[in-house]
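The block underneath contains the structure these notes are about, expressed in structure tokens.
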Amino acid sequence: MSNPVLAQFMTEFLAGRLRLVDLTQTLAPEFPTIVLPPEFGQAWPFRIEEISRYDERGPAWYWNNFSMSEHTGTHFDAPVHWVSGKDLPDNTVDSIPVENFIAAACVIDVSAESAENPDFLLTIDYVKRWEEQHGRIPERAWVLLRTDWSKRVTPKEYLNMAEDGAHSPGPDAEVVPWLIRERNVHGFGTESVGTDAGQAHHLNPPYPCHYFMHGNNRYGLQCLTNLDQLPPQGALIFAAPLKIRNGSGSPLRVMAIVTNG
Amino acid sequence: MTDPLVKPKKKNPVERTRLPTRPPAPRSRAAQGLTRAAAEGVFEMQTCGDCGALQYPPREVCHQCLSERLVWKDADPRGTLIATTVLRHSNDLYFRERLPWKVGTVKMAAGPSVVAHVHEDCAEGGAVRLALKLDRSGQAVLHALPEKDTPNMNDAPQLRESTCDPKFRRVLVSDGKSAMGLAVARAMLDAGANAVFLGDPTSWKTVKAFDALVASDPRVQPVELDVTDTDSVDRLAASIGGKVEILVNTAAYLRDGGILGRKDVILARDAFEVNVLGMMRLAQAFGPGMGFRAADGSNNAVAWVNILSIHALAALPARGAWSASMAAALSAAQTLRAEFAGAGVRVMNVFPGPIDEEWEQLTPPPKLAPAAVAKAIVQGLQGGLEDVYVGDIAEELRTRLRENHKAVERELGQ
Ligand SMILES: [Zn+2]
């Protein structure tokens, strides 16, 4: 028996009252990957080589080989990515229950603060003030931090490196466990190269978003774009990573469904 | 006195580009002893191990005593120019485009009389010094040079045919942000390069010395270039490929670590990605354009420079993955040399010992300053060399490899 909800969804969608927003950055070699100190292993950036393009290598077809790390471009972080999540059940991209690939989203707009202060940290107080305006964060919802970082076009502006490392916004060390404990969030998503702030190695614990989210079997999304097209509440996110055996994360196409107008 | 080279004018875009031609190439196997000497910039002659006679041209047996014990030895390059001729006609495609061409006979102090290309500053009856140089076919030829350096002597067109002088040429330095890349760029500017395209593989990273060099000289043009990214290499070649006359590949990836002690081949892949595949990407993108311009005026495309390591010849197991990439890079460079031979673009391989840079921090001295390697590169180009060994460690290893490569293998493995 067909479900009237799905039929209604398609009706609304075809009528243009529901809209899809692509939250994905284009995979291109020049898109920056996270930079660790050079003595550590590094994530491969996106690289692409043409196999053939209607030429002597393949007369009627065009295709490419590409390579990249699990954490290149717009990507999903599974709990196993961080040491705090290494022993949890269903913590790899291939074992995460598929239901978890659809969730509502709350979009917290800190773009003005981030423009003024690239080291802006999201706090509990800030989230509470946001809730007063936009309503309480529902259970199992993504919290997406809109910083407009995706509008920084050059790798230099995007990574924003100084002699003391990268400078980009993120959550502070208190708000992350609070979001998990008090709001039971699904995960945390950002526009910058990681879910944590550029200077998050100086927080306690270092990289609190990775540490707490993954330690509590929650997920991460980063290098998102078009968050400015989402409402504060009400968007639905479809984010399904590639099914890599024991994978710690994966590049993916992140789509949001929103009501139009 | 040689007229100083004038800065080449901008290319006339509606004139046909002169295509490369080559001087006659075939040589006997015995004559390849001269090639080896010329490639390394030394002056050696075939010498009889029995009677001590020097002979030229090289043969299979001694012309004096018919002994087969012929060895290559350092020889006295001095001589007297006893006769000269200026060629004004030639049926050879290469020479007829480069006439007049001065040749002569030199009576060597060491015995033989030889026919040589004669520098315009040499007078008949006067003292000269001979040099073995590679011509555009990559074969050794004798040049009679003034006994002492004369002003602008390297600018003489006939000599410039055998060299790859950076003067008034445009140079691409593939990674301009490394200590080596910066040193090479500075050395090229000092040598009179018309332009240095300074590759920037990490536009997100501020390197003060890079910015300072760009600001210091209008001849320096920063260009984005990451040799691991085919798109990036192709984009740059599409933009400046027709202007690169010397390419110095300074992109390098050096890390410690052997093979058994690791759990993955990522380090090895990263090393091959930069050191081997990076060179191939550059060659595929820039090589054809350079070959096409190999006879294009006084600032023709002349040289492709690979900065390798002496460990391309003998692995350093403590850096086993990197050593393997160096050996592979040398092999790829040999193929490039064969492929560039038709156009006459010289492939010059540089084999330094340890260099004083961040990834060699724990290597005990002596270490080469990047500026010393850069200087050797400029001198190698000015001399028209193919193989440049830089520093005592590289020289010593090379000598010992010839004597007993197994001994070197055992010692480097300790
Ligand atoms: Zn003899």
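The values are calculated or read from the model by the stated rules, or taken from the named source; none is laboratory data. Computed from a predicted model, the values in this text were never measured in an experiment. Please note: Cβ atoms are built from the backbone with ideal geometry, for glycine as well, and neighbour counts cover all protein chains shown. The area values use the complete protein model at the heavy-atom level, side chains included, leaving out ligands, DNA and RNA. Shrake-Rupley method; radii C 1.70, N 1.55, O 1.52, S 1.80 Å.
Just read off the accessible area of residue B:28 with the full protein assembly in place, 1.4 Å probe, to the nearest 10 Å².
Probe radius 1.4 Å; accessible area of residue B:28 about 60 Å².
Using a probe radius of 1.4 Å on protein heavy atoms only, what is the accessible area buried between chains A and B, both sides summed, to the nearest 100 Å²?
1300 Å²
Just to be sure I understand: if I project the alpha-carbon convex hull of chain A onto a plane and average over all orientations, what area do I get in nm²?
For chain A, the mean projected area of the Cα convex hull comes to 17.5 nm².
Over 10 Å intervals from 0, what percent of Cα-Cα pairs in the range B:170-413 sits in each interval?
Answer for the range B:170-413: a P(r) of 8, 32, 38, 18, 4, 0 percent.
Name the shape class, rounded, prolate or oblate, that the alpha-carbon gyration tensor gives for the range A:133-261, where a ≥ b ≥ c are the square roots of its eigenvalues, rounded holds for a/c under 1.5, and otherwise prolate holds if a/b is larger than b/c and oblate otherwise.
Verdict is rounded for the range A:133-261.
Rounded to the nearest 500 deg cm²/dmol, what is the calculated helix-only ellipticity per residue at 222 nm for the protein assembly as shown, with -39500 (n - 2.57) per DSSP H run of length n ≥ 4?
-7500 deg cm²/dmol
On the Cα set of chain B, report Rg and Dmax in Å, please.
22.2, 70
List, largest first, the extents of the alpha carbons of the range B:32-161 along their principal axes, each in whole Å.
Its Cα atoms span 42, 30, 26 Å along the three principal axes.
Express in whole angstrom the spacing between the alpha-carbon centres of the range A:123-160 and the range A:10-27.
21 Å
If you count only protein heavy atoms and use a 1.4 Å probe, how large is the accessible surface of residue A:66, to the nearest 10 Å²?
That residue has around 130 Å² of solvent-accessible surface.
What is the spin-label model distance, in nm, from residue B:298 to residue A:30 if the labels are put 7 Å beyond Cα along the C-beta direction?
Using points 7 Å along Cα→Cβ, the separation is 3.7 nm.
Any number yet on Rg/Rh for the range B:340-414, C-alpha, Kirkwood?
1.05
Add +1 for every Lys or Arg and -1 for every Asp or Glu among the other residues with Cβ under 9 Å from the Cβ of residue A:197, and state the total.
-3
If you take the beta carbon distance between residue A:112 and residue B:371 as r and set R0 to 51 Å, what does 1/(1 + (r/R0)^6) give as a FRET efficiency, to the nearest 0.05?
0.55
Please report, as a whole percent, how much of the solvent-accessible surface of the protein assembly as shown comes from carbon and sulfur atoms (probe radius 1.4 Å).
After summing per-atom areas, the C and S share lands at 55 percent.
For the range A:145-206, take the alpha-carbon Rg, divide it by the Kirkwood Rh, and send me Rg/Rh.
Rg/Rh: 1.01.
If each residue of separation counts as 0.36 nm, what is the full-extension length gain between residue B:396 and residue B:127 once their alpha-carbon separation is subtracted?
Between residue B:396 and residue B:127, full extension yields 93.4 nm more.
With the Cα gyration tensor of the range A:76-173 giving a ≥ b ≥ c as the square roots of its eigenvalues, does the rule (a/c under 1.5 for rounded; else a/b larger than b/c for prolate; else oblate) give rounded, prolate or oblate?
oblate
If A:106, B:65 are ordered by their accessible area, calculated over protein heavy atoms with a 1.4 Å probe, which sequence runs from highest to lowest?
Result, largest first: B:65, A:106.
Provide the per residue accessible area, probe 1.4 Å, for the range A:1-129, rounded to a whole number of square angstrom.
58 Å²
May I ask you to work out the translational diffusion coefficient for the range B:258-398 at 20 °C, viscosity 1.002 mPa s, via Stokes-Einstein with Rh from the Kirkwood sum over Cα pairs, reported in whole µm²/s?
133 µm²/s
Please identify, among A:54, A:207, A:158, the residue showing maximal mean-square fluctuation in a Gaussian network model of chain A using a 10 angstrom Cα cutoff.
A:54
For labels at residue B:221 and residue B:69 in the simple 7 Å Cα→Cβ model, what's the distance in nm?
With each label point 7 Å from Cα toward Cβ, the separation is 6.0 nm.
Cα centroids of the range B:349-414 and the range B:210-288: how far apart, whole angstrom?
Comparing the Cα centres of the range B:349-414 and the range B:210-288, I get a distance of 21 Å.
Extending each Cα 7 Å along its Cβ direction at residue A:67 and residue B:11, get the distance between those two points in nm, one decimal.
Taking the two extended label points, one gets 3.3 nm.
So with the 1.4 Å probe, I'd like the accessible area per residue for the range B:32-161, rounded to whole Å².
47 Å²
To the nearest 10 square angstrom, how much accessible area does residue A:167 have with a 1.4 angstrom probe?
Spelled out: residue A:167, probe radius 1.4 Å, area about 30 Å².
Measure out, as a whole number of angstrom, how far apart the alpha-carbon centroids of the range A:214-242 and the range B:132-157 sit.
68 Å
Can you list the residues in the range A:158-203 whose accessible area drops by at least 40 Å² when all protein chains are present, compared with the chain alone? Use a 1.4 Å probe, heavy atoms only.
Checking the loss per residue gives A:161.
Counting just the Cα atoms, what span does the protein assembly as shown cover along each of its three principal axes? Round to the nearest Å and put the largest first.
Per principal axis, max minus min of the Cα coordinates gives 103, 61, 51 Å.
Which of the residues in the range B:230-257 show a loss of at least 10 Å² in accessible area from their chain by itself to the complete set of protein chains, at a probe of 1.4 Å?
B:230, B:231, B:235, B:255
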